[in-house]
Structure formats: structure tokens, C-alpha cells
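The values are calculated or read from the model by the stated rules, or taken from the named source; none is laboratory data. The structure presented is a predicted model; accordingly, all values stated were derived computationally and were not measured. Note that we place each Cβ from the backbone using ideal geometry, even for glycine, and neighbour counts take in every protein chain shown. Ligands, DNA and RNA are excluded from the accessible area calculation, which covers all protein heavy atoms including side chains. Shrake-Rupley method; radii C 1.70, N 1.55, O 1.52, S 1.80 Å.
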Amino acid sequence: MQLKHEVATGGIVPTPEASAVPERLDKTPLGAISGPTYATGQLLVQQTAYKLSDKIFSFSPETFNLDQAVREWSRANEKNIHGETTTVVPLQTRAGAGTFALGYMFSKDFDLSKRHIPQTLLAPSLSLRYLRATLDQLSLLYGVASPFVAHVTAADYSAHDGLVADYESALQIAEDLGLGLVSSASAYEAQHISLFATLLASLLPTLHTYDGLRTARETLKVVDALSESAIAETYKKLAKEASSLNKRLDTAGKVVELLRLFNAELGTSYAPFEYHGHESPELVLVVFGSAEAQLAKQVVNTLAAQGTKVGAVNVRIYRPFIEEAFLEVLPESVRQIAVLGQVRDGVAVDDASVQSALYSDVLTAVSFVDRPHEPVVVDAKYAASTVHTPSSIASLIHQLTSKAGQGEVTLALHALEQARQYTFWDVDNSSAAAAPAAVGKLFAREGPSNVYVHETYDNLIQGGAVRTDIRITEKPVEAPFAIEEADVVFVGEEKLLKDIDVLTGAKSGGKLVLRLPNFKEEDLEKRIPTAARKQIQEKGLSLVVLDSSFSPALEKDANLLAQLAFLKITQPQITLEELSKFGQLGEGEVTIAEFAAVLEQALKTVEVPATWAEVTEAPAAPLKAVKPTSFVPFDKNEQEPTLKLNSWEEAAKGLVFKEAYGTQIDLRPDLTVKTATVHVKENRRLTPDAYDRNIFHIEFDLGDSGVTYNIGEALGIHADNDPQQVLDFIEFYGLKADDLVQVPSREDPTVFETRTVYQSLVQNIDILGKPPKRFFESLAEFATDEAERKKLEFLGGKEGAEEFKRLSEVDTVTYVDVLQTFQSAHPAFADLARIVAPLKRREYSIASAQAVTPNSVSLMIVVVDWVDTKGRTRYGQATRYLSGLRPGAAVTVSVKPSVMKLPVKDTAPLIMAGLGTGLAPFRAFVQYRAMQKAQGKEIGSILLYLGSRHQREEYLYGEEWEAYLDAGVITLLGAAFSRDQPQKIYIQDRMRQTMSDIVQAYIRDEGSFYLCGPTWPVPDVTAVLEEAIAVEAKESGRKVDPRKEIERLKEDGRYVLEVY
């Protein structure tokens, strides 16, 4: 049977006695939780909350799934112990969160007969900061309120560390507001402590906190899970006893008495503070939290058995902090107390002025101790992002007890020595990603063994990676940390080896199973990174390759293949009959017998060469450790927002009710770059009117726009489509120009703005642009004519690549051309806006220096035009727009940084080569150097090489260059007009003719070289520079590799290209 296991949802794995496996584990009937049960701590918390509550107010972020089970039970009308269906109220975590719950409890319409029934809150610790005001008010009014308990999973999100187990928020808010606070140390205790916290709520508003990252979400066998009836019986009996507690007792006294009654009823031995370790310790750790308590307990017991005088106190009830109970468990021999206190982050750890909340309480309690030797109290702070392991706790103890102080200690838990441990790695959208959890369920069916399954999702690696740990033990263990000694590491996606250190947790002498489709032994070293090969050899791992492409049968079900391959590796003697009992498939699927027939050949044990250990080179990038960033796989199928046509009335609503509709009124608020409006100051043609190339100079008045720019930067022009062509298209397509539509912005497709159809086609949608292949593929979905649909699919597919290339590069068709050709494909305008690309800004090198012309910015542009195969003259969208602008016209612009920057030293020579409009940034360079010279500053030499076809027509800014040459600003002017003589002369020829000047300026005087223009002269110009390097090296008697020298100059910013 194929078994799906959803650890993150708090699923339940049936024991062998279970009659059926639910299709959805989060839809487990409430009554199925009883006795020996595979579950998660989170599920047990939800079970208790549901059975005891009137309402559950849930602040569960979408992927946290803190309320998934209770919502399902409520939909199924499952009854609580009061005979009613518990209402689950999902709420958002935001400012003012919790007022709904407060309003319900103190409403005039509240049914007073329910005043004794607890109200429950489910939330992660990240919600507490938004619930503070509500909890504060509740605390003040608690005498007339219903019992209130909040089950708070310690989970917050940090942009740097991902998901973290945050207890500090609960500790702080409980201390500030006088709330009760209890902690579950493990999933085994989650049900009991949830029940106790609900009983405690009859005395004071209570928080119950537990680890939200591992303890709450690891699936394990709970031997004595309370059934529905047991919870009801226990609660009713103890609630009655709680109501009759001695009125003379203070709150702390009542808590102690209630806990005594609770232990007596359930046969447990919970205490406000629980001591473990050496009977006469000199050092005691004080800990709070699930993983912290479990690990501290086991580590100190291990060390105490070795003779180390160390112990640990687990704080189970933090508020009220019962000092007498704390001092009672503290052995007389203690000389030092180390408080393992959580603070928010690493900054707080390093800040000596910050104390952990737990430290303050322990320090206060110890100050009242009446002993010959008052123990020293140390605040051993740690950040919420810290991941504790047995070794990290042991290392802390070593630092506190050893004279040497620092040093790492490795410690393995004795309880795990006989455990079988397996780690699976895969990308989260792999078809076999569910296989590890299914394997865990299969092992759970074997019998009395204890199986632990935990998944960790890191959505920031490879688009989503998942690690699954499986532990199998004969006796229950508490191991709230990632597997460190895996017998088998199974890697389902080879590319993870390049990013993640998957082998650190592999046991020496263990096995590595690596899925490598189309495996060839000669390619093995190419497919396994060097760092991984070295680890395989050093750890003595057996390498087994699973070639999933070996047989077509194997590719039919990757999930089952992974399960069976793993079972074959871990249990080599397994028979077909034994394999068959692990699963069955539906009709039409491949059978297990078919898999088994080819599995032996698909699994290949590969001999690991000894040379793999000799690898010395470091990986290209440091390997990452997986950090939990989510509780579920990354959803890669984001729904596209629906676009629709609206009326002017809809736009009016957006303007009147801005907050409700999220309306912004700003200059192009959709743009991700900072934009401004400038006005045309001058627009003059630089080439003769009769000349076939229209190159023009356009200057903009900056006015009060606030635009600033640096030398060498580019100006982004947010150009419009041709209005007449847009109107022609509107008429052809049958649109109404004034209808309103929401369209993606031209700079950020995730942002939408409301425009008229006409405005959107002029300013947002690239309807006159060149369509990519995907447009043909998308358009095919709308074609009603079968022949046109097939043709569009052909053009959008691999088979039509040649014809698409002809249409795009030879015929230069536009979106409009395609829509006119395939008229049966007629998407609604909203769909058209989705599948046609947005207009993009066009960027042009700035041809002015703002230090010289502070109120203006200049560009030099050539109009792009051509005649298509139908004889139509076509124009580039932005250059047509700009060439037609008249003085005074408003234009939206933005500034973009560039690689073209002046050297830091004013005396550094400039060697500049510009072809055609590529001269633009050099005009700015020369303007600035001319200003410096006029100010009396010393400037470096300037060698300017320019290239165009004809001097008479294309000597662009020629008069300015001549003037700068006469003024001594430009040192050398090398103009190459390629077609003014029979033999063509190019820019590289002029450079070669002045080799000695280049050697002096570029090499000896350490100048910088710049090339701007088309890409074609780059090899020839670079060759000239290499010749100059060789010439200078020969003259100075040095040996230099010119190519390597060019690379060095690139790194130093002295060889700069801006080509297109």
C-alpha cells in the first residue's frame, strides 16, 4: 500500500491493531487517538484543546497547520466533553489580534452557563507580541472571565535563520503580565501538560508552550495516549477538586496542590522543577524548553555516570516561579549554577547588558538561599536560532568545568547506540519526496519497535529541499535533534550534493544510496562533487547507485521505487514475498513483481577509489547546512491574479475608499525603480536630413524633478507605444478604448494598476513588440480553428524552431501581426494583458556631466528602423518615441548605474573607443575633465578614438572634440571613418597607428581603457591592447602573458566594456 505521511500536519500512523489507514492523516477521527498511538505532539495538543474547549481561537499562519486537526473535527461535528461541537475561529496575526476572543468572552450575549468552560487559543510564539494588549486586559478582568489557556508552539521566523524555536516571547510576556506558564519537555508529555495547563487556567490565565520545530512535529509512538473518555473523566474530576482548593493558599500553593492531585490521578511524577544528574553536583544547569530539557537531562545523566559532578534542573512551571520548590530540588553541593537562558538573537547574546528572563528568576531565588556556600549564578545565554545537540550541551558543561575553558566535546547518547538511523534528502517537488515518510509508516507496522519520523523543509535551497530523518529503536528515546550517525543516507536528487553537506551526518562505514538516472561509471566523478567524493572515501561509505532510468518499469512510480530500493539496501535478504507485504498499487499500475525483477540490476554498488581522499581543492562555494524555513513544501504553482475589465464606477470606488481598495496615488507607483518626470529642452538631429541614419541629440530639463546622475550612468526612458497604431489595433480587435482594466506594470509584473484599455496599450503592454515562443504556445489555447491551433502549437514547440526564427528575425512580426494572422485565437483583453509581455524601459548612456550641466541631462540616440519582408517601414519603439518629441514634452525617466566610471585619480589617463552613439558616455567624461582643467587641476592624458562611416555625415559632436583638442583637454583624437576611402579604416587601425601613445598612457601611466558600442570590434581592439602590453614588456625586459594581463586589468577596473 502506498502510504502518504504528512508530518507537518500532525498526522497519525496507525499501529498494527488499527483497522484502517485514513486517506488523509490530518482527517483522523478524534476517537482514534487512544492507547499506543503514533502521533505528533502537536496532534495531541489539538486533541486536548478540542475536547475541553467551548471555542478555539486559532492564530495559525497558513503553513504552520496548528489547527488543521481541530478544524477537521469541528467540520465533522465531533463532540467535546460538554456534549457540543467545539467552534474553531481562525484569526489573523496582526495589530489588535485577540480582541475578537476578548469581545466574545465579555459580550452581553455570552451564555453564562458556559462561564466555567475553558476558552482556548492556538498560536505560534510569533503571535504573542500582537496578543499582548488582549492578554493584559484579560489578566486584569480574570476574576469574571472564563478559564483561558493558550497553547503556544515555540516557533518564529527570522529572515537570517529561518524558523526558530522562540521561548523568550512567552517567558517575557508571562513575567510582565502575571500569566501562568508551563512547558512540555517532549511529545510524550504534550497531552498531559495540555490537560494540566487547562486545569491551571481555572486559577490564572495560562500559557502552555512547547517546541514548535521538532518536538511538536516529529511522529513517534505514544504508549499511553489518553482516550476521549479518559480526558473527560480526568478533567471533570480534577476541575471539581481545583474549585475546592484551600482558599487560604496563595496562587503558588494552589498550583503545587493542583499538580499533586494531577500526579495522583494519572500516576505521573511531574514537578515544578525536576532535577537530574549526579547526587552531589558542583555544577547545575537550569533549563527551560522542550529540546533543552530533554538533552540536558540525558547529557548530565551520561556524564554523571562517568563521575562528572554535574546536574540539571528542568523548569516545568515557570510562572508562578515557586522559589521554595526550586531551592528544594537544588542539591546542597552546588557551587555554580549555569542558567541556559534564551534571548532573541546573537546581538543579545553578545550584549553584556542583556539578561535572559530565566536568569533573573534563578538569581533572585538563590539570593534567599541559606547555605554555607552560596552558588555562583552564570547566565549562559543562547540565541533562539541555536540548534542544541548532545555535543553542544556537553561542550557548554566542559567550558564551565574545565580549566582550559573553550573546546568542543563530542557526545553520543547511549540510548541511540542500538538505534537504526536513516536520512533521506530530496527536492520537495520530487515524485519520490513522500517515499521516506511512507517507509517510516511501513517500519511502524513491523511490531513493537518505536519509529520516529521528522521532516525539515528548506525552501531557499534548490527551489525547495527536504530532509527526512527516521529513527527506529527498541525502547522509547528522547532525541530532539537531527540524525548525526545515519546508517544509510539516501539522496534522491544529485544536485543537492553541490549545495548541501549531506554527508556530515553519515555514519563511518555506513551506506550512501545516490539516485543517478542514466548512470555511466565513467561519468561518476563528473556527477559527484569533489567535496562529496572526499567525504565518501574518508568515512569509508559504501556507495550504491540507483539508476531509475534502467528500465521503463522503474520510471512508472518513483515513489515506490525509492521505497523498495531502500528496503533492499537495508534488508538485503528480503524476498519478493516479503516485499509484497509492504505495498500494493491500483489497477493499471506497475506491480511490485515487475519492480523486483529489475531492481537488482538498477542498484549498483560502486567501488570507491582511494584517490577520492586526495582531493585538495575546495568546493566552488561553501556547502550549506539545511535550515528549516517552512513546515511544508514550497508551493511553486502560484495562481496568477485574474484580470478583468471594469467600469469607471469601479475606479471611483478605488479613489474614494483608498484604504479598502489599497489605492496609491503616485507617479508610476508600480515601478520598482525611482522615476521622475522631466521635460524636453532640445531635440536636434546630428546627421543631415537626407542621410539614411537619423542620429539625434536630445536634452532634458530636470527642473525640480530631483533627478541626479553620475558620470557614465544610463538614463531609463519609459517610452509609449505609437498612439495611432494602438487605435488601429483597438478597432481591429473590437475593444472599447475607455474601458478600465487591471494590467501588470511594465517594471514589476506582480504589481497591477488600473488603466483604460487605450492607456494600457500605449504605456503598459508591449503589443507592438516582438513575441517570444511562449506567446504562440499560450495563444494556441484560445484558437477555435483546429488548423490555427496546431500551427500555433507548432510555432511554440521545438519542431517549429526554424520557422519561428524566420518569423522573429526575418519577418520581424509583432504581437499584432500574430493576432491578425490567427484570428480564431481571440483572447479576452484580460487574458491578452496576461500573455503579452509588459513594456520595458529602454536605457541610453548619458552624454553629459551633471557637474557641468547641473539642470539638464543629454542623450545621443540613433533611430532604429528597417523595412520588413512586406515592404513596411518599421521602427524601434523607444527611438521612434524619442525622435518625435518636441520641446516641453513630459517624459518619465529613471537612472541606472553603469560600469563606466572615471578612475579615482584625476591624473590617470583615459583611453576611450566609441563607435557611433557609443561616444555618448565619453562626451560626459571629457566634459568633466575639461571642467577640472579649467579649475586649475592637473588631469591625465585623454586618447579618444571614434568610429563611424562618413566624416561629413557622422562626425558626431565633431566640433566639440576639435575644440577640446585645441584646448589641450584631449591629447589624441583618432577618428576612423570607414567608408571615406577605398580601403576601409576601423577604430583598431587608428589605435595600432598610435601604439606608442597607448603604451605610454595605458601601461606606463596606468590609464584606463573604455570601449562603448557594438560588440563586433571587441576582439580586434583587445588584440591591439595585448600588442601594447607585449611591446612594453619587451622594451622593459619583462615576461608577461598579455591575455592574463588583460584579465588582471579587468579585475582592476582598467579594461571596461559597455557593448550591445
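Please find, within segment 222-259, the residue that is nearest to Tyr50 (Cα to Cα) out of those that are within 47 Å of the chain's Cα centre (by Cα) and open to solvent by 70 Å² or more (accessible area, probe 1.4 Å). For segment 222-259, the residue satisfying everything is Ser229. Inclusion of Pro688 among residues that are within 25 Å of Tyr844 (Cα to Cα), in contact (Cβ under 8 Å) with a residue 40 or more places away in the chain and either of a type outside the set (Val, Ile, Thr) or in contact with a helix residue (DSSP H, G or I) (Cβ under 8 Å, 6 or more places away or on another chain) (or both) is warranted. Reported count of residues in segment 487-504, each being open to solvent by less than 20 Å² (accessible area, probe 1.4 Å) and either touching a residue at least 60 places away in the same chain (Cβ under 8 Å) or of a type in the set (Lys, Arg) (or both), is 8. Of everything listed in (1) touching an Asp or Glu at 6+ places or on another chain (Cβ under 8 Å); (2) closer than 20 Å to Thr389 by Cβ, the single unmet condition for Ala312 is (1).
Considering Ala482, Ala465, which residue is in contact (Cβ under 8 Å) with a residue 24 or more places away in the chain, over 16 Å from Tyr422 (Cα atoms) and either in contact with a His (Cβ under 9 Å, 6 or more places away or on another chain) or crowded, with 23+ Cβ neighbours inside 10 Å (or both)? Talk me through it step by step, then tell me what you get.
On the way: Ala482 fails: over 16 Å from Tyr422 (Cα atoms).
From the options Ala482, Ala465, the qualifying one is Ala465.
Do we have Thr120 as at pLDDT below 95 and either within 19 Å of Thr206 (Cβ to Cβ) or in contact with a helix residue (DSSP H, G or I) (Cβ under 9 Å, 6 or more places away or on another chain) (or both) here? No; evaluated as a whole, the condition is false for this residue.
Check segment 102-120 and report whether any residue there is of a type in the set (A, V, I, L, M) and under 26 Å from Ala165 (Cα atoms). Don't jump to the end; show me each part of the working.
Applying the first criterion (of a type in the set (A, V, I, L, M)) to segment 102-120 yields 102, 105, 112, 117.
Filter once more, keeping what is under 26 Å from Ala165 (Cα atoms): none.
No: segment 102-120 contains no residue that is of a type in the set (A, V, I, L, M) and under 26 Å from Ala165 (Cα atoms).
Take the conditions small (Gly, Ala, Ser), at negative phi and surrounded by fewer than 16 Cβ atoms within 10 Å (Cβ to Cβ) and apply them to Ser808. Does it pass?
Values: small (Gly, Ala, Ser): yes; at negative phi: yes; surrounded by fewer than 16 Cβ atoms within 10 Å (Cβ to Cβ): yes.
So Ser808 fits the description; yes.
Among what's in segment 911-960 and is assigned to a helix (DSSP H, G or I) and among the β-branched types (Val, Ile, Thr), pick the residue that is modelled with the lowest pLDDT. Ranking the candidates gives Thr917 first.
Considering only residues in segment 558-606 that are open to solvent by 20 Å² or more (accessible area, probe 1.4 Å), within 16 Å of Ala432 (Cβ to Cβ) and not in a helix (DSSP H, G or I), the one that is modelled with the lowest pLDDT turns out to be Leu585.
So that you can scan it fast, the table gives a plain yes or no per residue for (1) closer than 30 Å to Met900 by Cα; (2) at pLDDT 95 or above:
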residue	(1), (2)
Asn683	yes, yes
Ala690	no, no
Phe696	yes, yes
Ala737	no, no
Glu753	no, no
Gln759	no, no
Lys770	yes, no
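Residue count for segment 786-836, restricted to those that are closer than 25 Å to Lys736 by Cα and either without any contact (Cβ under 8 Å) to a residue 60 or more places away in the chain or in a loop (DSSP other than H, G, I, E, B) (or both): 14. With Tyr210, Tyr270 as the choices, which residue is of a type in the set (Ser, Thr, Tyr) and either under 30 Å from Gln306 (Cβ atoms) or open to solvent by 20 Å² or more (accessible area, probe 1.4 Å) (or both)? The unique qualifying residue is Tyr270.
Tell me, yes or no, whether segment 305-316 has at least one residue that is touching a residue at least 40 places away in the same chain (Cβ under 8 Å), touching a strand residue (DSSP E or B) at 6+ places or on another chain (Cβ under 9 Å) and open to solvent by 40 Å² or more (accessible area, probe 1.4 Å). Give the derivation first.
In the first step, residues of segment 305-316 are kept if they are touching a residue at least 40 places away in the same chain (Cβ under 8 Å); the result is 308, 310, 313-316.
Restricting the remaining residues to those that are touching a strand residue (DSSP E or B) at 6+ places or on another chain (Cβ under 9 Å) gives 308, 310, 313-316.
Next cut, open to solvent by 40 Å² or more (accessible area, probe 1.4 Å) only: 308.
Within segment 305-316 (the criterion being touching a residue at least 40 places away in the same chain (Cβ under 8 Å), touching a strand residue (DSSP E or B) at 6+ places or on another chain (Cβ under 9 Å) and open to solvent by 40 Å² or more (accessible area, probe 1.4 Å)), the answer is yes, since at least one residue qualifies.
Exactly one residue out of Gln927, Gln1000 is buried (at least 19 other Cβ atoms within 10 Å of the Cβ) and of a type outside the set (Ser, Thr, Tyr): that is Gln927.
Looking across segment 689-729, just one residue is open to solvent by less than 10 Å² (accessible area, probe 1.4 Å) and touching a His at 6+ places or on another chain (Cβ under 7 Å), and that is Phe700. Whenever a residue of segment 1029-1040 is closer than 15 Å to Tyr1002 by Cα, its partners that are assigned to a loop (DSSP other than H, G, I, E, B), lying with C-beta atoms within less than 7 angstrom and at least six residues away or across chains, give the pairs Ile1029/Val1040; Ala1033/Lys1039; Ala1033/Val1040. Here Pro771 meets the list (1) assigned to a helix (DSSP H, G or I); (2) in contact (Cβ under 8 Å) with a residue 12 or more places away in the chain; (3) open to solvent by less than 70 Å² (accessible area, probe 1.4 Å) almost entirely, failing just condition (1). In segment 132-143, is there at least one residue being out of contact with any Gly (no Cβ under 8 Å at 6 or more places or on another chain), at negative phi and assigned to a loop (DSSP other than H, G, I, E, B)? Scanning segment 132-143, I find at least one residue that is out of contact with any Gly (no Cβ under 8 Å at 6 or more places or on another chain), at negative phi and assigned to a loop (DSSP other than H, G, I, E, B), so the answer is yes.
Selection of segment 284-302 for residues being over 22 Å from Val343 (Cα atoms) and crowded, with 24+ Cβ neighbours inside 10 Å yields Val299, Val300.
Scanning segment 42-73 for residues that are closer than 12 Å to Val88 by Cα, open to solvent by less than 10 Å² (accessible area, probe 1.4 Å), in contact (Cβ under 8 Å) with a residue 40 or more places away in the chain and hydroxyl-bearing (Ser, Thr, Tyr) yields Ser53, Ser58.
The set of residues in segment 111-125 being open to solvent by 30 Å² or more (accessible area, probe 1.4 Å) and in a helix (DSSP H, G or I) consists of Leu112, Ser113, Lys114.
Hey, any hits in segment 181-191 for a residue that's at pLDDT 95 or above and either more than 35 Å from the chain's Cα centre (by Cα) or β-branched (Val, Ile, Thr) (or both)? Yes, there is a match, as at least one residue in segment 181-191 is at pLDDT 95 or above and either more than 35 Å from the chain's Cα centre (by Cα) or β-branched (Val, Ile, Thr) (or both). Within segment 83-110, if we keep just the residues that are of a type in the set (Ser, Thr, Tyr) and closer than 22 Å to Thr63 by Cα, the residue that is surrounded by the fewest Cβ atoms within 10 Å (Cβ to Cβ) turns out to be Thr87.
Going through Val969, Val1021 one at a time, which residue ends up being over 28 Å from Thr853 (Cα atoms), in contact (Cβ under 8 Å) with a residue 24 or more places away in the chain, out of contact with any Pro (no Cβ under 7 Å at 6 or more places or on another chain) and open to solvent by less than 10 Å² (accessible area, probe 1.4 Å)? Before you say what the answer is, go through the steps one by one.
Details: Val969 fails: over 28 Å from Thr853 (Cα atoms).
None of the other options fit; the residue is Val1021.
Those residues that are open to solvent by 30 Å² or more (accessible area, probe 1.4 Å) and over 30 Å from Lys627 (Cβ atoms), I need them from segment 360-394; list them, please. Matches in segment 360-394: Ser360, Leu363, Thr364, Ser367, Phe368, Asp370, Arg371, Pro372, His373, Glu374, Val376.
Could you list, in sequence order, all residues of segment 520-549 that are in contact with a strand residue (DSSP E or B) (Cβ under 8 Å, 6 or more places away or on another chain) and under 19 Å from Lys568 (Cα atoms)? Leu541, Ser542, Leu543, Val544, Val545, Leu546, Asp547, Ser548, listed by residue number.
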